[in-house]
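See below for the structure under consideration.
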Amino acid sequence: MSEGPITLHSVARRYATADDTRAWWELGISLGLYVVALVLALSTIGTWWLMVPFMILAAAMGLRIYMIQHDCLHRAFFTSRRMNDVVGTLLSPIAMTPYQATRYKHNLHHRYVADLNRRDAFEIEVMTLAEWNKASLGRRLYYRIYRSPFILVAIGPFILYAILRRMPLYGFKTGVWDLVLHNLLLAGLGYSVWAYAGWPGIWVWIGSIYIACTFGGLIPYVLHNFEHVHWGRKPELNFEQAALKGSSVLDWGRLFDVVTMDIAYHDLHHLNAKIPGYKIRKAHEDLEARGLIQSEKISFIEGVKCLRWKLYDEDLGGMIPFPGAAQQVSVSGVS
């Protein structure tokens with residue numbers, strides 16, 4: 001019996017099923033390494049050459065646990081919807097984000113990705129060149145400061161996750177008890193750190209969170225703020241175009257992929273969010289081999305350089321620096 005034509009969507013659907021055995025293994029390894037790394041970091045306070053590497057490992061595993069929670073948000077990590085929700089909630093103090101509230105906000109991001117009419121669903125503010133040209137001096141000054149690397153990478157992600165995610169306003173739409181439970185779990189984790197290592201331990205814990213937030217803040221930026229990203233307006237903007245042209249693939253090495261549960265393959269993730277992180281790399285490679293997907297791949301150095309892109313030029317169809325910031329800007333071959 002014929003399975004029908006082989007298409008991008010049909011192949012992607014083959015990978016859009018959870019594997020509970022693999023999921024528990026990924027979760028167990030990630031949690032185990034996080035706990036071990038954090039305990040060792042707390043146990044070696046004062047011995048910097050030991051403490052700092054353990055802090056970095058704790059940060060890396062904290063970021064990986066955030067990515068596991070991200071799969072749970074899409075109810076893609078486990079086969080059971082309830083198990084996704086339970087595990088996603090229990091991981092919230094390590095992921096530093098309340099589960100139900102984040103699920104609501106993240107689903108909006110997927111629904112309206114690359115939609116200029118719904119940039120309120122996007123985590124990072126983006127102005128168009130036309131809006132910039134009409135903006136007041138005060139508005140331009142605010143946006144320049146906001147889009148600086150210092151805000152977007154150095155302090156913004158930490159402020160977002162350490163402070164603003166404690167009681168986000170949109171969380172009241174999904175239930176205040178989700179926020180209360182999240183903050184109680186977070187307080188419990190913080191108390192455990194304090195009971196084991198005192199206030200120096202709290203600072204080590206906060207340091208690991210900062211490392212995870214800073215590196216984690218660069219990831220979504222580059223995934224959606226690269227030079228040739230496409231933004232549009234519905235109905236001209238369709239779902240497939242928004243997913244594949246509104247997201248990039250991060251070519252940052254295999255270690256990065258392992259730590260981040262292959263979040264790098266983001267165009268395919270937006271096309272089919274039911275593909276769990278532990279399958280998406282294989283799915284992407286399969287689609288590439290068949291010639292069904294052509295991704296914008298960005299190296300780490302290119303990703304850092306993406307911080308120069310500030311405005312979306314609708315006429316050129318890409319990101320540009322602030323006017324006057326560069327003499328030559330090439331977007332889709334146009335200078």
Can you check what the Kirkwood hydrodynamic radius comes to for the chain, Cα pairs only, in Å to one decimal? 21.1 Å
Divide by every residue of the chain the summed helix terms, -39500 (n - 2.57) for each DSSP H run of at least 4, and state the resulting mean residue ellipticity at 222 nm, rounded to the nearest 500 deg cm²/dmol. -18500 deg cm²/dmol
Peptides 260-270, 213-223: what's the order by average Cβ count within 10 Å, highest mean first? 260-270, 213-223
Which of the helices in the chain meet the span-like rule: DSSP H, Cα axial reach of 27 Å or more, Kyte-Doolittle mean at least 1.0? 20-43, 48-73, 176-224
For Y143, the net charge from surrounding residues (Cβ-Cβ under 11 Å; K, R +1; D, E -1) works out to +3
Candidate aspartates and glutamates - alpha carbon under 14 Å from K297, same-chain residues fewer than 8 apart omitted: E227, D251, D257, D262, D267, E285, E288
Length gain on complete extension for the stretch S10 to R139, per 0.36 nm per residue less the alpha carbon to alpha carbon distance? 41.9 nm
Express in nm, to one decimal, how much length is gained between I45 and T214 on full extension, taking 0.36 nm for each residue of separation and deducting their alpha carbon distance. 58.6 nm
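FYI, it's all coordinate maths here, none of it is from the lab. Small disclaimer: the values here were computed from a predicted structure and weren't measured. Backbone-built Cβ (ideal geometry, glycine too); neighbour counts: all protein chains shown.
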